[in-house]
Amino acid sequence: MGACISAPVGSAPAAKEIFDQGPFPEEGKKLRKGARLRDVYRVGGTIGAGGFSKVKIITDRETKQQWACKIMSLPPADSESKEDQENRTDTLREIDAVLDLEHPNVVGMKEYFVENNRVYLIMELLRGGELLDAVNTHGNYSEADARAIFCQLMRGVQYLHSVGVVHRDLKLDNLLLAKKGDISTVKIADFGIAMKQHTPNALHQMRTVCGTSQYIAPEVIRAGKKRSSPKAVPSLNVYGPACDLWSCGVILFMLLGGYPPFWNERQPLLLSAIIRGTFSFSDKVWKTVSREAKDLISKLLVVDPAKRLTPEQVLAHPWMAACKKERPLSQTQERMKSGVGLSKRKTQPGSPRLHDIIADISVKAAQAWFMESNTSLDQLPVAPSE
């Protein structure tokens, strides 16, 4: 008797599989062909979700090794929708950015699948969670611990820039740990708005206003605004890899102080403070922080990107080589947990924790306000001094 397989009466027909012919970055390098995701991996539960993606844990059916699978929409190449085309470009740009990354302090991608207008990135599974959570529970957190963390961040940034990748969204939320509680396993993650260089000097001609407002560099805020001079045709402001170094300065400030250098609930005042680079070490928490550490922060949070330290200069800074035993940063740790001292609500209960502040102000809000307003840079309101 021959085997005959047919659909049950009344059942819905199987969905037609959609094949995407690309093009894909570097002619489809690391694109898995000839197999479906579920043929190779067993898909588990969701371990993370964002506005435009979600992450599931998956297990290789053959090796039993576990990975993180980032799932994103990939609209068809022939879509006539402008939004679809922009989303497709963004997704392919992220694939392009992580395609060849291989460094101890940068999350890596093994391969990816494209199925039915979705892309599945098979990424290194980081089991340690967010760095900030580990710092908050770390016993006797000290300046030496902050240095160990920051050194890993800088090595990762140095590597990224050396291979032509600018992250553009460096922040504490995007620093993850490979092992839970182990601050010696820091990895830079989330390359959703990263840019990879394909033409000479391309990374010095970026114009897109992007990132997270709390960490965004002054030149990124200025990007897209026309500049003019008496003898020249008006042109657009641009920025380069130095934007990552500003973000690193903000991160170091937070690691040592426990609160952000730029903070205001009113978006215009926040942007004003960032553009002017106005911050201080007047809070009592800085009394236990070394002069060398504050010097390094001051040389990173420089408004002029040409005068900002490079990754190589940061790694050669005296503070990075310090080996003396520092006192625990107990006040810093408490500030991180409680949010006390972050604005004029510092004496009131319910002040936002550092986690909440990081997530509170989105780049879309900053971009919408700045790009759509008719306010010139010189007309931005000045934040009142504390």
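The values are calculated or read from the model by the stated rules, or taken from the named source; none is laboratory data. What you see is a predicted model, and the numbers here were worked out from it, not measured in a lab. Neighbour counts run over all protein chains shown; Cβ positions are idealised from the backbone, glycine included.
Points to keep in mind about this one:
- Of the set (1) more than 24 Å from the chain's Cα centre (by Cα); (2) modelled with pLDDT of 95 or more, all apply to Pro76 but (2).
- Gly51 vs. criteria in the same structural domain as Tyr112 (by TED's automatic domain parsing), under 22 Å from Met195 (Cα atoms) and not in a helix (DSSP H, G or I): yes
- Selected residue (only one of Leu170, Leu160 is at pLDDT 95 or above, part of a loop (DSSP other than H, G, I, E, B) and in the same structural domain as Ser330 (by TED's automatic domain parsing)): Leu170
- Residues that are basic (Lys, Arg) and under 15 Å from the mean Cα position of the chain (by Cα) were ranked within the stretch 127-182; the one that is surrounded by the most Cβ atoms within 10 Å (Cβ to Cβ) is Arg168.
- Considering residues of the stretch 50-82 that are of a type in the set (Asp, Glu) and surrounded by fewer than 11 Cβ atoms within 10 Å (Cβ to Cβ) only, the residue nearest to Arg38 (Cα to Cα): Glu62
- Test result for Thr199, in the same structural domain as Val135 (by TED's automatic domain parsing), more than 17 Å from the chain's Cα centre (by Cα) and of a type in the set (Val, Ile, Thr): yes
- The stretch 283-319: number of residues that are at pLDDT 95 or above, of a type in the set (A, V, I, L, M) and touching a Lys or Arg at 6+ places or on another chain (Cβ under 9 Å): 8
- Test: residue in the stretch 138-152 that is over 28 Å from Ile57 (Cβ atoms) and of a type in the set (Asp, Glu): yes
- Residues in the stretch 89-122 that are surrounded by fewer than 21 Cβ atoms within 10 Å (Cβ to Cβ) and either outside any loop (DSSP other than H, G, I, E, B) or β-branched (Val, Ile, Thr) (or both): Thr89, Asp90, Leu92, Arg93, Asp96, His103, Lys110, Glu111, Glu115, Arg118.
- Residue within the stretch 184-203 that is loosely packed, with under 15 Cβ neighbours inside 10 Å and at pLDDT 90 or above present: yes
- Between Lys70, Lys64, the distinction of being basic (Lys, Arg), in a loop (DSSP other than H, G, I, E, B) and not assigned by TED's automatic domain parsing to the domain that holds Ala189 belongs to Lys64 only.
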